[in-house]
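A quick write-up on the structure given underneath.
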Amino acid sequence: MPVYQVATPAGAVPRGRWPQIAEELARIHCSLTGDAPEFAQVLFLEIPAGAAFLMGRISPMVNVSVYIRAGRPAEVREKWMREIHECLVRQTAVEPGHVKITLFEVPAQSIMQGGRIMPEIGHDREWLAQGREPILP
């Protein structure tokens, strides 16, 4: 946790940019929340041409859905969304008006990672120290 789902029209965000965008989203996340970087997962989903619509027309929108643990102050969430927006506009050729970001707040006790319930905000280091299987080799 968190999970960033970046859904784009096919070709709107070149695949070669995905690693840099993922790295920047993780950096933004950790700098604003203090969360452990092990938690920031980014998924890119390409929507086939003609499979997404807005007002009955093919949509140019890049939709970013971010699933986060509940409990962050409103000013942190607003800054978070602004920085995500700036990242995507800077890293891609997507028009600023074509980026939509939605934060979904989920109670920590409703999230499991690595077979363990996620900790409440502020208890990541203790949770990690309790031991678990490594996420990455």
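The values are calculated or read from the model by the stated rules, or taken from the named source; none is laboratory data. Values in this document were obtained by computation on a predicted structure and should not be read as measured data. Positions of Cβ are backbone-derived with ideal geometry, glycine not excepted, and every protein chain shown enters the neighbour counts. The accessibility values were calculated without ligands, DNA or RNA, using every heavy atom of the protein model including side chains. Shrake-Rupley method; radii C 1.70, N 1.55, O 1.52, S 1.80 Å.
Pairs only if they're at least six apart or on different chains, beta carbon under 7 angstrom, first in segment 59-71 and at positive phi, second part of a loop (DSSP other than H, G, I, E, B) and modelled with pLDDT under 95; list them, first residue then second.
As it stands, the answer is 71/121, since those pairs meet every condition given.
Please go through segment 10-43 and give me each residue that is open to solvent by less than 60 Å² (accessible area, probe 1.4 Å), free of Cβ contacts under 8 Å to residues at least 24 places away in the same chain and in contact with a helix residue (DSSP H, G or I) (Cβ under 9 Å, 6 or more places away or on another chain), ordered by number.
Within segment 10-43, 26, 30 qualify.
Those residues that are touching a strand residue (DSSP E or B) at 6+ places or on another chain (Cβ under 8 Å) and at pLDDT below 95, I need them from segment 9-25; list them, please.
Those that are touching a strand residue (DSSP E or B) at 6+ places or on another chain (Cβ under 8 Å) and at pLDDT below 95: 9, 10, 11, 12, 13, 15.
What number of residues within segment 103-113 are open to solvent by less than 60 Å² (accessible area, probe 1.4 Å) and either free of Cβ contacts under 8 Å to residues at least 24 places away in the same chain or not in a helix (DSSP H, G or I) (or both)? Lay out the reasoning, then the answer.
Within segment 103-113, the subset open to solvent by less than 60 Å² (accessible area, probe 1.4 Å) is 103, 106, 108, 111, 113.
Among the residues that remain, those that are also either free of Cβ contacts under 8 Å to residues at least 24 places away in the same chain or not in a helix (DSSP H, G or I) (or both) are: 103, 106, 111, 113.
Qualifying residue count for the region: 4.
Among the residues of segment 44-60 satisfying the criterion of being surrounded by 12 or more Cβ atoms within 10 Å (Cβ to Cβ) and at pLDDT 95 or above, which is nearest to residue 125 (Cα to Cα)?
Only one residue fits best here, namely 44.
Within segment 77-96, take every residue that is free of Cβ contacts under 8 Å to residues at least 40 places away in the same chain and within 12 Å of the chain's Cα centre (by Cα) and give me the one that is nearest to residue 24 (Cα to Cα).
Filtering segment 77-96 for residues that are free of Cβ contacts under 8 Å to residues at least 40 places away in the same chain and within 12 Å of the chain's Cα centre (by Cα), the one nearest to residue 24 (Cα to Cα) comes out as 85.
Please tell me if residue 120 is at pLDDT below 95, open to solvent by 30 Å² or more (accessible area, probe 1.4 Å) and touching a helix residue (DSSP H, G or I) at 6+ places or on another chain (Cβ under 6 Å). I'd like the intermediate steps shown before the answer.
On the way: at pLDDT below 95: yes; open to solvent by 30 Å² or more (accessible area, probe 1.4 Å): yes; touching a helix residue (DSSP H, G or I) at 6+ places or on another chain (Cβ under 6 Å): yes.
For residue 120, the condition - at pLDDT below 95, open to solvent by 30 Å² or more (accessible area, probe 1.4 Å) and touching a helix residue (DSSP H, G or I) at 6+ places or on another chain (Cβ under 6 Å) - is met.
Rundown of residues vs (1) within 22 Å of residue 8 (Cα to Cα); (2) in contact with a Pro (Cβ under 8 Å, 6 or more places away or on another chain), yes/no style:
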{"residue": "30", "(1), (2)": "no, yes"}
{"residue": "33", "(1), (2)": "no, no"}
{"residue": "49", "(1), (2)": "yes, yes"}
{"residue": "80", "(1), (2)": "yes, no"}
{"residue": "90", "(1), (2)": "yes, no"}
{"residue": "109", "(1), (2)": "no, no"}
